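This report refers to the structure that appears directly beneath it.
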Amino acid sequence: MSDMKSTSEAKSMKEEKNGMAGGMPKSGMMGGMLKDAAILFAITLIAGLILGAVYQLTKDPIAAQEERAKMEARMEVFADAASFADPESFDAAQAQEVLNAGGFSGCSIDEYAQALDAGGNALGYVITLTTHEGYAGDIRFTIGVQEDGTLNGMSILSISETAGLGMRAEEVLVPQFAGKNAERFRYTKSGASAEDEIDAISSATITTEAVVNGVNAGLYYFQTELKGGSGDE
């Protein structure tokens with residue numbers, strides 16, 4: 001009898017062990033996992049719905065703000081323009097091929113528009129581009145170019161260079177381009193004495209070179225693709 005009882009108890013313990021995992025029955029463990037998964041799904045769904053609602057509420061104001069910033073930058077570099085005509089289509093990849101051919105693979109054209117007077121006559125172009133050669137990353141800016149190639153100026157849209165050095169680009173470099181007519185600019189550390197020379201930012205030659213190269217890229221695109229209205233669609 002004792003042996004039979006022991007055998008029965010052993011079987012009972014084995015069945016209990018097989019039906020348990022970490023002190024919990026398998027059915028209970030599975031139920032807990034399904035519950036956790038359902039909670040996680042619900043949280044993800046709610047978060048997605050909230051993000052979607054926020055996006056719908058903010059996309060129009062953000063788009064309007066971006067459009068205002070773009071127009072302000074255009075007017076800053078082409079104050080004489082009454083309006084700006086965007087091309088019907090713009091192929092960024094094709095524009096990159098043009099820059100690559102000119103030796104400006106470190107820059108890219110983001111967009112351009114033709115500057116028009118009140119009578120709809122062409123005054124020149126505004127070109128937005130990015131140079132990827134900055135010390136701390138990309139530098140994005142807009143330049144205004146008259147039909148004869150004269151630079152009205154430039155407006156920096158985004159820059160993240162070193163404070164007190166490269167971040168002085170707007171203060172030091174931007175004013176130097178206004179009103180100058182040169183096929184290509186170069187920077188100097190000994191004081192600009194020619195139309196095509198730009199004074200470098202002290203201790204920030206990488207930033208200086210990136211900006212000057214970016215302006216040259218924009219001028220090259222203007223000269224090869226836009227001058228005389230050849231870039232109109």
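The values are calculated or read from the model by the stated rules, or taken from the named source; none is laboratory data. What you see is a predicted model, and the numbers here were worked out from it, not measured in a lab. We place every Cβ from the backbone using ideal geometry, glycine too, and count neighbours over all the protein chains shown.
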Discussion item. Against the definition (at positive phi, in a strand (DSSP E or B) and touching a residue at least 12 places away in the same chain (Cβ under 8 Å)), how does residue 137 come out, yes or no?
Written reply: no
Worksheet item: Quick one: in segment 111-131, which of the residues that are small (Gly, Ala, Ser) and outside any strand (DSSP E or B) is surrounded by the fewest Cβ atoms within 10 Å (Cβ to Cβ)?
Response: 119
Worksheet, complete the sentence: From the option list 16, 9, 76, 66, single residue qualifying as out of contact with any helix residue (DSSP H, G or I) (no Cβ under 9 Å at 6 or more places or on another chain), part of a helix (DSSP H, G or I), at pLDDT 75 or above and acidic (Asp, Glu) is 76
Worksheet, complete the sentence: For segment 106-127 the number of residues that are polar (S, T, N, Q) and under 17 Å from residue 140 (Cβ atoms) is 1
Practice prompt. Would you check if there is a residue in segment 208-230 being over 30 Å from residue 94 (Cα atoms), touching a residue at least 12 places away in the same chain (Cβ under 8 Å) and of a type outside the set (A, V, I, L, M, F, W, C)?
Written response: no
Worksheet item: Pick from segment 176-209 the residues that are assigned to a loop (DSSP other than H, G, I, E, B) and among the acidic types (Asp, Glu): which of them is surrounded by the most Cβ atoms within 10 Å (Cβ to Cβ)?
Response: 196
